[in-house]
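*Asks:* One structure, pasted below without further comment.
The values are calculated or read from the model by the stated rules, or taken from the named source; none is laboratory data. Computed from a predicted structure; not experimentally measured. Quick reminder, even Gly has a Cβ in these numbers, built from the backbone with ideal geometry, and neighbours come from all protein chains shown. Accessible surface areas use protein heavy atoms only, side chains included; no ligands, DNA or RNA. Shrake-Rupley method; radii C 1.70, N 1.55, O 1.52, S 1.80 Å.
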Amino acid sequence: MANLGYIGLGAMGGRMAARLLSKGHSVTGYNRTRSKAQWLLDRGMTWADSPRAVAEAADTVFVMVTDSAALEAVALGPDGFLAGLTPGRTVIDMSTISPAVSRAIAAQVRQAGGDMVDAPVSGSVATLEQGKLSMMVGGDAATFDRVKPLLEDVGPKVTHVGGNGLAVSMKIAVNLSLAVQMLAFSEGVLLAEKSGIARSTAVEVLTNSVVASPMVQYRGPFVLGMPDEVWFSVNMMQKDMSLALEMGRELSVPLPTTAVTNEFLTAARGAGLSEKDFAALFSLLARLSGVSA
């Protein structure tokens, strides 16, 4: 069993740390708000007071934070994990961030004598709890082979996509479709509802139709009632859409549906929905349709 660290114990990161603990690994964890990690401490996780302390304690350090600035905050400075790394250590960054920032942090990890892979995930809280999470990994092939068994303890599908930063690029390419699908699904529900079909019936038909991707199947029912826990907020989704649009400009790839959906996310923020799950796109579109959400 491995000696692991985990930095960033939010909705997804905390559940991944719990899966690693359930597989018998030792886990030393850090989160900006300790109280949110208490349930993991109750399950046997060891607390660390800083990202540096995690890196000092663990042979392999997982990181899952919100954005590029958050990764730099936990990586750099006297309390960052780079300060605690010693030669031979490995960092597995599962955050969805700028590919350029990911490559820059990976270069600093190598300068410290370790190595880093970017390993963002495709899926949700529900997918993770069902043991169906998939991961894409960017980095050195030998490092990938070494960490693959650990990643398979989190989810069954782990794919090496190339060098550092490419897994993050792949994740952004995946995530842009999530919000686009949610907006299209909302359009379908509302068109059916205003035609006289019950919303619950429309949701049942659509989530069992040819358009029912896994995301539509687990998030579509949110239009009938949002979950108590926000799985992926409007703010977080817009961060990923903005990364996609930035990549599109750099690579000369037009992203028209991404751009339109991103404007609806901006409108959702303006309507006070920024901290709601991005399924709140339905609520915004419902208002524009004259329908009670």
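*Asks:* When region 149-166 is examined, which residues are found to be touching a residue at least 12 places away in the same chain (Cβ under 8 Å) and of a type in the set (D, E, K, R)? Working first, answer last.
*Replies:* At the first step, the residues of region 149-166 found to be touching a residue at least 12 places away in the same chain (Cβ under 8 Å) are 150-151, 153-166.
Once the filter is applied, which keeps residues that are touching a residue at least 12 places away in the same chain (Cβ under 8 Å) and of a type in the set (D, E, K, R), region 149-166 yields Asp153, Lys157.
*Asks:* Any residue that is touching a residue at least 12 places away in the same chain (Cβ under 8 Å) and among the polar types (S, T, N, Q) - is there at least one of those in region 214-232?
*Replies:* Just the residues of region 214-232 that are touching a residue at least 12 places away in the same chain (Cβ under 8 Å), to begin with: 214-216, 218-224, 226-227, 229-232.
Next cut, among the polar types (S, T, N, Q) only: none.
Looking for residues that are touching a residue at least 12 places away in the same chain (Cβ under 8 Å) and among the polar types (S, T, N, Q), one finds none in region 214-232, hence no.
*Asks:* Still on this model: Among the candidates Arg52, Arg110, Arg89, Arg103, which residue alone is in contact with a Phe, Trp or Tyr (Cβ under 7 Å, 6 or more places away or on another chain) and basic (Lys, Arg)? Even if it seems obvious, please write down each step before you answer.
*Replies:* On the way: Arg110 fails: in contact with a Phe, Trp or Tyr (Cβ under 7 Å, 6 or more places away or on another chain); Arg89 fails: in contact with a Phe, Trp or Tyr (Cβ under 7 Å, 6 or more places away or on another chain); Arg103 fails: in contact with a Phe, Trp or Tyr (Cβ under 7 Å, 6 or more places away or on another chain).
None of the other options fit; the residue is Arg52.
Residue-wise test of (1) among the hydroxyl-bearing types (Ser, Thr, Tyr); (2) more than 18 Å from the chain's Cα centre (by Cα); (3) open to solvent by 10 Å² or more (accessible area, probe 1.4 Å).
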{"residue": "Val65", "(1), (2), (3)": "no, no, yes"}
{"residue": "Ala70", "(1), (2), (3)": "no, no, yes"}
{"residue": "Met94", "(1), (2), (3)": "no, no, no"}
{"residue": "Ser98", "(1), (2), (3)": "yes, no, yes"}
{"residue": "Ala107", "(1), (2), (3)": "no, yes, yes"}
{"residue": "Gly114", "(1), (2), (3)": "no, yes, yes"}
{"residue": "Met136", "(1), (2), (3)": "no, no, yes"}
{"residue": "Glu152", "(1), (2), (3)": "no, no, yes"}
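*Asks:* Among the numbered criteria (1) open to solvent by 50 Å² or more (accessible area, probe 1.4 Å); (2) modelled with pLDDT under 95; (3) in contact with a strand residue (DSSP E or B) (Cβ under 9 Å, 6 or more places away or on another chain), which single criterion is violated by Gly13?
*Replies:* (1)
*Asks:* Moving on. Are any of the residues in region 237-255 over 29 Å from Val101 (Cα atoms), free of Cβ contacts under 8 Å to residues at least 60 places away in the same chain and open to solvent by 20 Å² or more (accessible area, probe 1.4 Å)?
*Replies:* The answer is no; no qualifying residue exists.
*Asks:* Here is a further query. Cβ-Cβ distance below 6 Å, separation of 6 or more or different chains: which pairs start in region 54-78 with a residue that is at negative phi and end on one that is among the acidic types (Asp, Glu)?
*Replies:* Val63/Asp93
*Asks:* Same structure, new question: One residue is enough: does region 78-91 have a residue meeting the conditions farther than 21 Å from Tyr30 by Cα, assigned to a loop (DSSP other than H, G, I, E, B) and open to solvent by less than 20 Å² (accessible area, probe 1.4 Å)?
*Replies:* Scanning region 78-91 turns up no residue that is farther than 21 Å from Tyr30 by Cα, assigned to a loop (DSSP other than H, G, I, E, B) and open to solvent by less than 20 Å² (accessible area, probe 1.4 Å).
*Asks:* When Trp39 is evaluated against the numbered criteria (1) under 21 Å from Gly10 (Cβ atoms); (2) buried (at least 21 other Cβ atoms within 10 Å of the Cβ); (3) at pLDDT 95 or above, which criterion, by number, is the only one it fails?
*Replies:* In the conditions (1) under 21 Å from Gly10 (Cβ atoms); (2) buried (at least 21 other Cβ atoms within 10 Å of the Cβ); (3) at pLDDT 95 or above, Trp39 misses (2) alone.
*Asks:* Let me ask something else. Restricting attention to region 122-134, which residues are touching a strand residue (DSSP E or B) at 6+ places or on another chain (Cβ under 7 Å) and open to solvent by 20 Å² or more (accessible area, probe 1.4 Å)?
*Replies:* Taking region 122-134 first, the residues touching a strand residue (DSSP E or B) at 6+ places or on another chain (Cβ under 7 Å) are 122-123, 133-134.
Of everything in region 122-134, those that are touching a strand residue (DSSP E or B) at 6+ places or on another chain (Cβ under 7 Å) and open to solvent by 20 Å² or more (accessible area, probe 1.4 Å) turn out to be Ser122, Gly123, Ser134.
*Asks:* Select, from Ala104, Ala126, the only residue that is assigned to a helix (DSSP H, G or I), touching a residue at least 12 places away in the same chain (Cβ under 8 Å) and out of contact with any His (no Cβ under 7 Å at 6 or more places or on another chain). Write out each step before concluding.
*Replies:* On the way: Ala104 fails: touching a residue at least 12 places away in the same chain (Cβ under 8 Å).
On inspection, the qualifying residue turns out to be Ala126.
*Asks:* In addition: Return the residue satisfying two criteria in turn: it lies in region 195-234 and is touching a Ser or Thr at 6+ places or on another chain (Cβ under 8 Å) and open to solvent by 60 Å² or more (accessible area, probe 1.4 Å), and of such residues it is nearest to Ala173 (Cα to Cα).
*Replies:* Of everything passing the filter in region 195-234, Pro214 is nearest to Ala173 (Cα to Cα).
*Asks:* A further question follows. Can you pull out the residues in region 46-63 that are of a type in the set (A, V, I, L, M, F, W, C), open to solvent by 20 Å² or more (accessible area, probe 1.4 Å) and under 17 Å from Arg89 (Cα atoms)? Walk me through it before giving the result.
*Replies:* In the first step, residues of region 46-63 are kept if they are of a type in the set (A, V, I, L, M, F, W, C); the result is 47-48, 53-55, 57-58, 61-63.
Now restrict to residues that are open to solvent by 20 Å² or more (accessible area, probe 1.4 Å): 47, 53, 57.
Result: Ala53, Ala57.
*Asks:* May I ask you to verify whether Glu250 is within 21 Å of the chain's Cα centre (by Cα), within 20 Å of Asp67 (Cβ to Cβ) and among the charged types (D, E, K, R)? Even if it seems obvious, please write down each step before you answer.
*Replies:* Details: within 21 Å of the chain's Cα centre (by Cα): no; within 20 Å of Asp67 (Cβ to Cβ): yes; among the charged types (D, E, K, R): yes.
No.
*Asks:* Looking at region 154-192, which of the residues that are over 14 Å from Ala279 (Cα atoms) and of a type in the set (S, T, N, Q) is most open to solvent (accessible area, probe 1.4 Å)?
*Replies:* Residue satisfying both the conditions and the ranking: Thr159.
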